[in-house]
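The block underneath contains the structure these notes are about, expressed in structure tokens.
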Amino acid sequence: MAWSVFTLRKENRSFGSLSLFLSKFYFILSRNFVYLSLHTSNPKTVTKNMEEFSTGTDPRVPAVKPDSKPSSLEEVPLEAASAAVSEDAEVDKDLLCPICMQIIKDAFLTSCGHSFCYMCIITHLRNKSDCPCCSQFLTNNQLFPNILLDKLLKKTSARQISKTASPVEQFRQALQQGYEVTIKELDNLLSLLAEKKRKMEQEEAERNMQILLDFLQCLRKQKVDELNEIQTDLQFIKEDINSVERHRVDLYRARDRYSVKLRMLVDDSSTRKPWSSSMDKNNSGIVSSSLNIRGGMPAGNLQNKKIDGKTQLSGHVSQRKDALSGADSQGFNQSGLSVARKKRIHAQFNDLQECYLQKRRQLANQLHIKQESDKNVFHREGYNAGLADFQSVLSTFTQYSRLRVIAEVRLGDLFHSANIVSSIEFDCDDELFATAGVSRRIKVFDLSMVLNELADVHCPVVEMSTRSKLSCLSWNKHWKNHIASSDYEGIVTVWDVTTRQSLMEYEEHEKRAWSVDFSRTDPSMLVSGSDDCKVKVWCTKQEASVINIDMKANICCVKYNPGSSNFIAVGSADHHIHYYDLRNISSPLHVFSGHKKAVSYVKFLSENELASASTDSTLRLWDVKENLPLRTFKGHTNEKNFVGLTVNSEYIACGSETNEVYVYHKEISKPVTWHRFGSQEMEDADEDGGGSHFISAVCWKSDSPTMLTANSQGTIKVLVLAA
């Protein structure tokens, strides 16, 4: 190619016109095309092709003719051509632009015989006036379009594309390239395509019908399962209705027997009295006559005796009437209570229905209750265990409808923020209760004194001062005079309430300690959690922690399992509850997930049931044995504060940031009842802008319906569940 261009430049001097120059240049480009065609063919035939070309016997040399029709290959985009050519592992370097080292796009030929991308060579000539390959002087006027090279690149890309193209694409390309097809062949192709289309439509229809059939079968199976489940539930309900009716008849018969016996006793007592009074009359007549004879009691006294006898008899009659009227009023009250309980059932019917079916299905195979040897169970003949369990839930749930205030204690200035009660706890005998909070004092009150005294301000029987604000209290369940506290400086202290002195102080926590708890089974062990992401287990017989658990998030609460000192539950700011076996603290035994914000409290209802509270305004109940979530409770508001949590065997209570106390039954997701703290002073505080008060601590009195509650104003109320 270089020789050809040199010859052109040498002979150009002898051309007298531009037309002769262009004709000669076109001839040289044709020879370049032949060279490139040979160069991009199979390397094994290059030598032979060159020999044939030199002798002029190569039949593949195309004649240079102007194209009458535009080729479809010219319409192949250069980007597609570049992509297709780049896929070839043996792309000739002569097809690459010396500047960008990519497949040449818009090839332009220089006067020195080198080809470049148009944009590459133009950009180069803006900075330098020489050829990038041979450094010969070069200007924009010495650049010429390399049309043949562009065609060659497009054909090469077309061949590369045809290797991977589908048969349909190849046929389309063939038709676009002018492939001759007869009408008969087109008819055959059209009929074949029509048949193929019908076959594909048939297959598509079959697939759609199969999908529809699968859906309908799945739906039928689901509905059949639901129907079977409903039929099973109806059978359970039918059996339970029969059992309840039989038991109800037995109760009516027993009541009738008791009524008959009672009526007989009343009748016997009423018949004996007149007979004894008549005997007294006769005797008194004899005695009076004898006394009169002997000069004894006057006759007027006998008249008084008769009057007293009549009065006594009328008194017995009136007492009987009062008893009957009292029974009537009692029946009226009982009917009123029944109506109220029915209303509560209808209000929570869906939750009660779910509870009944769950218990009935779980215990469907247990046809009888426990053996007679279990003295703690009230046996009912014909009762299924699931029905007996649900009846217990139903009776406890409908037994109460409100919280009634029976006493109130105010710890100080109503409007002083330092009166917030962070923790309130009963001692092991439920006789004393202690409070602690930001006032830096532990105050111990006698419950009986609080209930019996009418004053709002009660003096504590014991008061102990601390160095820092207090976050939590825990009474020792074995030693009545021992109580533990945690404070904002991370100090865990064990106090002797009798001497009002600290027994042990543990200062290993580096940040605020939020929670502390004594073990119920081992009175010498206690656990604490802190903002330093550490859980520490302490022994009152040692000065340092015995177990240290490092976690990744702040610890908000800790609690021992009431059945064993080997297991603890930890509520964390990572929204999870970590359940640890202290014999292996390398990883938690279970991790309970479900809360969306920090877990602020954890409390055990039993050895297997764990309740948790979170600032996502929900309570959750978990089965720590089976590692299962049981229920979610909603109704209260809790988004940023510690509002308290307390549990007993049946009920869960918590505070709310609306200054209300909420009570839930553990089997029902919605609250049973709630009570709002309210007084004239609080109304005045709300008017002054101090209405953002909340419940800060709650505590049940064991399994009784009595509960202690405290709020952020330092007001403590003793509440009791009432019908």
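Tell me, which strands (runs of 3 or more DSSP E) lie completely within the range 565-617 with 1 or more residues that are open to solvent by 50 Å² or more (accessible area, probe 1.4 Å)?
Answer list for the range 565-617: 576-581, 590-593.
For the range 650-681, give me each residue that is in contact with a helix residue (DSSP H, G or I) (Cβ under 9 Å, 6 or more places away or on another chain), outside any loop (DSSP other than H, G, I, E, B) and open to solvent by less than 10 Å² (accessible area, probe 1.4 Å).
Selection gives H665 alone.
May I ask you to verify whether R246 is at pLDDT below 85, under 26 Å from L394 (Cα atoms) and assigned to a helix (DSSP H, G or I)? Write out each step before concluding.
Working: at pLDDT below 85: no; under 26 Å from L394 (Cα atoms): yes; assigned to a helix (DSSP H, G or I): yes.
Criteria not met by R246.
Of all residues in the range 489-526, count the ones that are surrounded by 14 or more Cβ atoms within 10 Å (Cβ to Cβ) and either under 18 Å from F642 (Cβ atoms) or of a type in the set (D, E) (or both).
Residues meeting the conditions: 14.
Cβ-Cβ distance below 8 Å, separation of 6 or more or different chains: which pairs start in the range 588-608 with a residue that is at positive phi and end on one that is modelled with pLDDT of 95 or more and surrounded by 16 or more Cβ atoms within 10 Å (Cβ to Cβ)?
G594/R620
Among residues belonging to the range 627-649 that are among the polar types (S, T, N, Q) and under 22 Å from L473 (Cα atoms), point out the one that is surrounded by the fewest Cβ atoms within 10 Å (Cβ to Cβ).
Filtering the range 627-649 for residues that are among the polar types (S, T, N, Q) and under 22 Å from L473 (Cα atoms), the one surrounded by the fewest Cβ atoms within 10 Å (Cβ to Cβ) comes out as S649.
Among the residues of the range 174-193, are any surrounded by fewer than 13 Cβ atoms within 10 Å (Cβ to Cβ) and within 60 Å of the chain's Cα centre (by Cα)?
Yes - at least one qualifying residue is present in the range 174-193.
Could you look through the range 127-146, keep only residues that are assigned to a helix (DSSP H, G or I) and in contact (Cβ under 8 Å) with a residue 12 or more places away in the chain, and pick out the one that is surrounded by the fewest Cβ atoms within 10 Å (Cβ to Cβ)? Steps first, answer last, please.
Initially, the range 127-146 is screened for residues assigned to a helix (DSSP H, G or I), giving 127, 140-142.
Then drop every residue that is not in contact (Cβ under 8 Å) with a residue 12 or more places away in the chain, which leaves 140, 142.
Numbers: N140: 11, Q142: 15.
Across the range 127-146, the extreme among qualifying residues is N140.
Just give me the residues in the range 229-239 being free of Cβ contacts under 8 Å to residues at least 12 places away in the same chain and open to solvent by 70 Å² or more (accessible area, probe 1.4 Å), in sequence order.
Across the range 229-239, the qualifying residues are E229, I230, Q231, L234, Q235, K238.
Would you be able to tell me the number of residues in the range 457-470 that are surrounded by fewer than 17 Cβ atoms within 10 Å (Cβ to Cβ) and outside any loop (DSSP other than H, G, I, E, B)?
2
The values are calculated or read from the model by the stated rules, or taken from the named source; none is laboratory data. All figures in this text were calculated on a predicted structure; none of them were measured in a lab. Positions of Cβ are backbone-derived with ideal geometry, glycine not excepted, and every protein chain shown enters the neighbour counts. Just the protein is used for accessible areas: all its heavy atoms, side chains included, with ligands, DNA and RNA removed. Shrake-Rupley method; radii C 1.70, N 1.55, O 1.52, S 1.80 Å.
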